[in-house]
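Beneath this line is the structure, given in C-alpha cells, with notes to follow.
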Amino acid sequence: MTELAKKYGKIYSLTLPGQQCVVLNSSELAREALLTRKDEFSGRPSTFVGDFITRSSADIICADHTQTMVRLRKIAHKALQMYGRGMQRLEALSTNLRRSKLHFFSDPASLVSKSSRLIKYACKIRDDILTRKYLEHKEKFEIENANNNFEVNDLTDALLQAFADEKRELRKAEALTEDNIMMTMNDVFNAGFETTTTAILWLIAYLSKHPDVQDKIHAELDEVIGGSRMPQLKDRHNMPYIEATIAEILRIRSIVPLALPHKATCDTTLSGYDVPKGTTVIVNLWAIHHDPEEWLNPEEFDPSRFLDADGSYRAAGEKSFLPFSAGRRSCLGEALAKMELFLVCSRILHQFRFSHLEGEAPTLESHAGVVLHPKSFRVVITERA
C-alpha cells in the first residue's frame, strides 16, 4: 500500500471483493478522518473472520459503532484504569528478574495460521480458557461482592467489577451478554500481549545491532537507578532516552502497520473527495511513520528524534506518531501498554546486555501480517555487573 501511495498519492481508493476502500497515507489525512470527523468514520466493516473469531462481533475491536460497543469500551477503559492503579503488582513480579535467568524461545512471537481448521481449533482452546477463567472469577466476585469485600487483583477482576458497575448504572438498558464479557476479555488480553511482546522483540533486535544506543540506555540506567534497585514506574520522567528508544521502535517498525479498518457511517467527504456511506477506510500507519515529509531520514534508527534540545522526551508533540491510532477507535490500552513497555524494557536492560553473534547481525526483516513480527534472530545475552 505504501508503494501505491508513491504512485497515486496520499489518498487513493481500492475496489476489493464486496467493498470499496479508501487508503490514507499521511498524518494530516489520518487526523482529519479519526479526529476532526471522528463521528463520520467511527464504524467498523464486517468481515467473516472477524465475526467468526469474536462471536458475531460481540467484542470492542471488531464491533461496529453501536451503543453496545460504546458501553463495552467504557467498561474496558474503567477496568484498565483500575488495573493500571495496581501496576505495583507487575513491578513486584518483574523484580524476580534479578534472581532468575532469561529464557528465550526460538520463536516466541509466532502464532500465525491461515488454515480455517487451525483457526477453529485455536478458537476452541481460547474459548475453553476464557470460559474457565471467567467462571472462576465470577464465582469469587459474586461471593466477595455480596459481602462487600471484593478486591481487584487482576484484569479479569477489574473487568467484572466494571461490568457490575455499568449494570447498576443502567438498569433499564439492554443487558450485556456473557459473549460480550468474554470477547472483551479476549480483546484486552490478546491485543495487548501480542503487540507488547513483539515490540520487546524488535527492541532487542535493534539494540543488538546498535550498541551505541544500548550504551546510552545503560548510562541512563546507571545514573538514575544505579545497581542497588530495579527501575520503577516513578522513574519514567527521569529516563527520557529509554522512553525515546521505545517510541522509535514503535515508529520504525510500526508493530501494527495498518490500523484496523474504519467505516464511513454516512455520506461524507475527506480532503475534498466524496466518501459514500459504508466505505472502508484504511489508515496506513507504516507510510505515516516513514513519510520523508514528516521524518528526517525515516529509515534510520534514531531515538534522538524524540528528544528536545535539552534531552527531554517529546513524543506527545509528534503529530505524525500514531502507533496506537487515534480518535474514537484508538487503542484502549495505550497508557497501560506504555507503562508495561517501560517497566519490562528498563528492567531487562538494567540487568542484561544484548549483542549479536559475529557475522550474524539481525536482518531486521519482518513477517508480513496484522502484527509485524521480526524474523528469527539469535543474540548473545550478557549479565551486567
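Considering every residue within the range 316-327, establish whether at least one is within 16 Å of the chain's Cα centre (by Cα), closer than 24 Å to P231 by Cβ and surrounded by fewer than 20 Cβ atoms within 10 Å (Cβ to Cβ). Yes - at least one qualifying residue is present in the range 316-327. Just to verify a result, which residue in the range 268-280, among those that are under 15 Å from G9 (Cβ atoms) and of a type in the set (S, T, Y), is surrounded by the fewest Cβ atoms within 10 Å (Cβ to Cβ)? So, considering only residues that are under 15 Å from G9 (Cβ atoms) and of a type in the set (S, T, Y), the one surrounded by the fewest Cβ atoms within 10 Å (Cβ to Cβ) is Y273.
None of L207, L233 is over 19 Å from D59 (Cβ atoms), aliphatic (A, V, I, L, M) and touching a Phe, Trp or Tyr at 6+ places or on another chain (Cβ under 6 Å) except L207. Annotation note: of L90, L111, the sole residue that is part of a loop (DSSP other than H, G, I, E, B), modelled with pLDDT under 85 and surrounded by fewer than 19 Cβ atoms within 10 Å (Cβ to Cβ) is L111.
L332 - would you say it is closer than 30 Å to A33 by Cα, buried (at least 17 other Cβ atoms within 10 Å of the Cβ), at pLDDT 90 or above and under 17 Å from the mean Cα position of the chain (by Cα)? So L332 fails the test. As a summary of the residue check, A264 satisfies the conditions (1) under 30 Å from P45 (Cβ atoms); (2) touching a Leu at 6+ places or on another chain (Cβ under 8 Å) except for the one numbered (2).
Among residues of the range 188-210 that are closer than 13 Å to P374 by Cα and among the acidic types (D, E), none has a Cβ under 7 angstrom from a residue that is assigned to a helix (DSSP H, G or I) and at pLDDT 75 or above at a sequence gap of 6+ or on a separate chain. Within the range 17-49, the residues that satisfy the criterion of being of a type in the set (G, A, S) and either more than 14 Å from P276 (Cβ to Cβ) or surrounded by fewer than 18 Cβ atoms within 10 Å (Cβ to Cβ) (or both) are G18, S26, S27, A30, A33, S42, S46.
None of V256, V283, V224 is aliphatic (A, V, I, L, M) and surrounded by fewer than 20 Cβ atoms within 10 Å (Cβ to Cβ) except V224. The sole residue among R384, R347, R353 that is within 25 Å of M239 (Cα to Cα) and modelled with pLDDT of 95 or more is R353.
For the range 347-365, the count of residues that are among the small types (G, A, S), crowded, with 17+ Cβ neighbours inside 10 Å and either in contact with an Asp or Glu (Cβ under 8 Å, 6 or more places away or on another chain) or outside any loop (DSSP other than H, G, I, E, B) (or both) is zero.
Would you kindly identify the strands (runs of 3 or more DSSP E) lying entirely within the range 215-323 that contain at least 1 residues that are within 23 Å of F342 (Cβ to Cβ) and either without any contact (Cβ under 8 Å) to a residue 60 or more places away in the chain or out of contact with any strand residue (DSSP E or B) (no Cβ under 7 Å at 6 or more places or on another chain) (or both)?
Fully inside the range 215-323 and qualifying: nothing.
Note on the range 55-87: residues that are at pLDDT 65 or above, surrounded by fewer than 16 Cβ atoms within 10 Å (Cβ to Cβ) and either at positive phi or not in a helix (DSSP H, G or I) (or both) amount to 3.
Based on what the data block shows, is G369 loosely packed, with under 15 Cβ neighbours inside 10 Å, touching a residue at least 12 places away in the same chain (Cβ under 8 Å), in a loop (DSSP other than H, G, I, E, B) and under 19 Å from the mean Cα position of the chain (by Cα)? It is true that G369 is loosely packed, with under 15 Cβ neighbours inside 10 Å, touching a residue at least 12 places away in the same chain (Cβ under 8 Å), in a loop (DSSP other than H, G, I, E, B) and under 19 Å from the mean Cα position of the chain (by Cα). Assess whether G227 counts as being at positive phi, modelled with pLDDT under 95 and not hydroxyl-bearing (S, T, Y). No: the conditions fail for G227. The number of residues in the range 324-334 being in contact (Cβ under 8 Å) with a residue 40 or more places away in the chain and part of a loop (DSSP other than H, G, I, E, B) comes to 6.
The values are calculated or read from the model by the stated rules, or taken from the named source; none is laboratory data. Predicted model only: the values in this text are computed from it and were never measured. All Cβ positions, even for glycine, are placed from backbone atoms using ideal geometry, and neighbour counts span all protein chains on display.
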